[in-house]
Amino acid sequence: MWQEGTAVDLKTTITAKSLKNIFFPQIENLLAFERQGQKLSLEQKQLPAEKTIAFGVRACDIASFNLLDKVFLKQPVDHFYQARRENCTLIGLACSEPEETCFCRTFGIEPASPTADAAAWLVGDDLFWQPKTTKGEELTAAIKDLFTEAEGGDKIVAEQQAQVQALLDKMPLAGFALSDEECSKQAEIFESEVWEELSKTCLGCGTCTYVCPTCHCYDIRDYEVNDKVERYRCWDSCMFSDFTNMAGGNPRTTRLARFRQRYMHKLVYFPANNEGAYACVGCGRRLQKCPVSLNIVKVAKALGVTKNV
């Protein structure tokens, strides 16, 4: 969140932390309850109503919101997520210098053409702006005095887009592509011997799930606060040994099982239940942050679920 006096760096391609916190906070207070004898009183927390603007969002993070929508906006709708989503105007910022760890085009994402309420392109010291939706047009009208008509703006933006595409074609992961047919072989992938070898080096630290823009596991915890009990939703991780721990035990007792679950969800389960959409946007954060260099690219290649491009 921006604060007065904060320096803004628009040239940073990808933030260390994903932006899912905008709509799915790491810690969220849902309700409070108090017991007096045999009576129980509940205090439902108000839905977020503040209007917000997310500026400088890259195309991969914008695409991640669309995947989170498939989780939180399906029935039963998560009204806390929905309220934040509806009250936010997204300003996309096109990438001009992609990282070598980027592979968003694998999932049909165009980093030089962000699909948000308004799109922006930073070319030199100039910021080019184009509203895309009603929200974007309303915001543009509200700050119209900040803009001047850009002569030849369309041509300048198109030239930058072409330069970005040329850069991406030379990137190390330019040819990485998943095979829908191979990823649909659920039983075969689940039983693969590859999991044992890959999971040996996994630390189970959960870094991957916390930096990932599409991971959405959470836990519900109750805490005593001033004679009341506050109920919170907190991010969790399928990589943790106590995740989904129940009275009868944990269904995934080994690191291998937890490691496999994460990638089966990304590559197999999620697309099977969401019209073929993979639970990844190719942001490259895990490639940058995993302390043992495990990532979806390495796993997919090891499993043989990639295309020969």
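Residues of the range 219-262 that are without any contact (Cβ under 8 Å) to a residue 40 or more places away in the chain, outside any loop (DSSP other than H, G, I, E, B) and of a type outside the set (A, V, I, L, M, F, W, C): Asp219, Arg221, Asp222, Tyr223, Glu224, Gly249, Gln261. Taking the range 115-204 and the helices (runs of 4 or more DSSP H) fully enclosed by it, the elements with 3 or more residues that are within 27 Å of the chain's Cα centre (by Cα) and under 26 Å from Val8 (Cβ atoms) are at 134-142, 153-169. Which residue is nearest to the chain's Cα centre (by Cα), if the candidates are limited to the range 205-214 and must be assigned to a loop (DSSP other than H, G, I, E, B) and either touching a residue at least 40 places away in the same chain (Cβ under 8 Å) or farther than 24 Å from Phe80 by Cβ (or both)? Step by step, filter the range 205-214, then rank; the result is Pro213. Exactly one residue out of Val229, Val281 is among the β-branched types (Val, Ile, Thr), within 17 Å of the chain's Cα centre (by Cα) and at pLDDT 90 or above, and it is Val281.
The residues in the range 36-67 that are surrounded by 13 or more Cβ atoms within 10 Å (Cβ to Cβ) and either touching a Lys or Arg at 6+ places or on another chain (Cβ under 6 Å) or assigned to a strand (DSSP E or B) (or both) can be counted, and the count is 7.
Looking only at the range 218-232, decide whether some residue is within 22 Å of Val299 (Cα to Cα) and not hydroxyl-bearing (Ser, Thr, Tyr). Looking through the range 218-232, none of the residues is within 22 Å of Val299 (Cα to Cα) and not hydroxyl-bearing (Ser, Thr, Tyr).
Does the range 105-122 contain at least one residue that is in contact with a Ser or Thr (Cβ under 6 Å, 6 or more places away or on another chain), among the acidic types (Asp, Glu) and at pLDDT 95 or above? Among the residues of the range 105-122, at least one is in contact with a Ser or Thr (Cβ under 6 Å, 6 or more places away or on another chain), among the acidic types (Asp, Glu) and at pLDDT 95 or above, which makes the answer yes.
Kindly check whether there is at least one residue in the range 84-104 that is β-branched (Val, Ile, Thr), in a helix (DSSP H, G or I), under 30 Å from Ala166 (Cβ atoms) and touching a Leu at 6+ places or on another chain (Cβ under 7 Å).
no
Scanning the range 50-62 for residues that are small (Gly, Ala, Ser) and in contact with a helix residue (DSSP H, G or I) (Cβ under 7 Å, 6 or more places away or on another chain) yields Ala54, Ala59. Looking only at residues of the range 139-174 that are exposed (fewer than 13 other Cβ atoms within 10 Å of the Cβ) and in contact (Cβ under 8 Å) with a residue 12 or more places away in the chain, we find that the one that is farthest from Leu287 (Cα to Cα) is Phe147.
From the list Lys39, Lys74, Lys11, Lys70, the one residue that fits, being out of contact with any helix residue (DSSP H, G or I) (no Cβ under 6 Å at 6 or more places or on another chain), farther than 23 Å from Ala120 by Cβ and touching a residue at least 40 places away in the same chain (Cβ under 8 Å), is Lys70.
The values are calculated or read from the model by the stated rules, or taken from the named source; none is laboratory data. Remember, it's a predicted structure, so these values are computed and weren't measured experimentally. Here Cβ is always computed from backbone atoms with ideal geometry, including for glycine, and neighbour counts include all displayed protein chains.
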